[in-house]
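The values are calculated or read from the model by the stated rules, or taken from the named source; none is laboratory data. Just so we're clear, the structure is a prediction, and the values are computed from it rather than from any experiment. FYI the Cβ positions are ideal-geometry reconstructions off the backbone, even for glycines, and counts take in every protein chain you see. Ligands, DNA and RNA are stripped out before the accessible areas are found, and what is left, the full protein with its side chains, is counted by its heavy atoms. Shrake-Rupley method; radii C 1.70, N 1.55, O 1.52, S 1.80 Å.
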Amino acid sequence: MQSLLVGFLVVAVTSGHLDVRIAVALRCAAIAGAALAAAVWLRPAFDRAADHMLELVNGARAYGFHLYVGRVLSIGTYNMDVLMLGVFTNSKSVGFYTLAGSVAAAAGLPVLGMATALFAPLAREKDIQPRLLVIAVVIGSAATLTAWALAGPFINAVFGEEYRSAAKLVLPLALAQGVRGVTGVYNTFLQAHGRGRELRNA
């Protein structure tokens, strides 16, 4: 989705047609495009859908509401920084910060992907193996340094020299993404064991 969004924005900036409405439309198009690509790639099957739906509803009753509340709180607090910037600074600062955050988001993807792939193994474990956390820290650190090193050249090449100051914000935001990736291992473990109450509290 982020790759599609960046591609759309590059085209819009190059053609000289970019405003707030177009930016929102491009973000929606990137989300829809990524969802369509995922559906085509995964080719979901819907046989025995009713049986699976009953199982999902029962699971949701057991721990889903706590998970839902926790997720709402998580999203709200995670995006609070942009809202606070909007109150205390100007639109240019918000734009630079958001651009840096989009670039830094790439640093968290490898560990979040690993955590998602570990769902089934973690469901069979009583505890989180320490080596998984070590691997998450190593991968997250490497991804953070890579994002930091490439941020300046990438922003300069795609958006131009006038946006280069956004690259200064990438390191702290990439570090935050690295931490988020490691906490994703814990969250996946709790999800795999149906511990919605703990997830909500966290």
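Values for this structure:
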| item | result |
| --- | --- |
| Residue within region 134-143 that is at pLDDT below 90 and either farther than 24 Å from residue 3 by Cα or among the aliphatic types (A, V, I, L, M) (or both) present | no |
| Leading residue by the ranking (most open to solvent (accessible area, probe 1.4 Å)) among those in region 36-65 that are under 30 Å from residue 3 (Cα atoms) and in a helix (DSSP H, G or I) | 41 |
| Flag for residue 159 being within 21 Å of the chain's Cα centre (by Cα) and of a type in the set (Phe, Trp, Tyr) | no |
| Single match in 132, 109, 99, 122 (criterion: among the aliphatic types (A, V, I, L, M) and more than 24 Å from residue 194 (Cα to Cα)) | 99 |
| Elements of type helices (runs of 4 or more DSSP H) in region 120-202, at least 1 residues being open to solvent by less than 60 Å² (accessible area, probe 1.4 Å) and out of contact with any His (no Cβ under 8 Å at 6 or more places or on another chain) | 130-159, 170-192 |
| Residue among 70, 33, 86, 7 that is within 16 Å of residue 159 (Cα to Cα) and open to solvent by less than 80 Å² (accessible area, probe 1.4 Å) | 7 |
